[in-house]
Amino acid sequence: MCVCVWSSLVEEVYEITETVEQLRAKLRDMENALQQLLRTKMSLEHDLTVKNNSIYIDREVCLGKRKIFPRPYRQEQQHLHRPRGLPWQEKELPTLSQRRLLTAS
């Protein structure tokens, strides 16, 4: 009976050791994931800072210059560069039966 108890205790020690190793591996994985999340957070914070700086420059620096810029001239330029419709948008396309008549003749 003593040998049976001893072997079950040894088996339990092996199981606990294996479980501890698995938990340590999971801990390493979670720490790596945390580091990746922190790097991503820093990158996003940097992007946010750059965008906020761009908005500040646009509002504080460029807005004043846009107010001074002659408005009618800008509207004329926009009108001149307005894209035209495509040729098939200006008139209707022939139907399938009309195309068949055109190709048959």
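Tabulated values for the structure
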quantity	calculated
Matching residues, segment 1-13, being surrounded by 10 or more Cβ atoms within 10 Å (Cβ to Cβ) and not aliphatic (A, V, I, L, M)	TRP6, SER7, SER8, GLU11, GLU12
Members of segment 50-85 that are modelled with pLDDT under 60, surrounded by 10 or more Cβ atoms within 10 Å (Cβ to Cβ) and charged (D, E, K, R)	ARG74, GLU76
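The values are calculated or read from the model by the stated rules, or taken from the named source; none is laboratory data. Because the structure is predicted, anything quoted here is derived from the model rather than measured. Note that we place each Cβ from the backbone using ideal geometry, even for glycine, and neighbour counts take in every protein chain shown.
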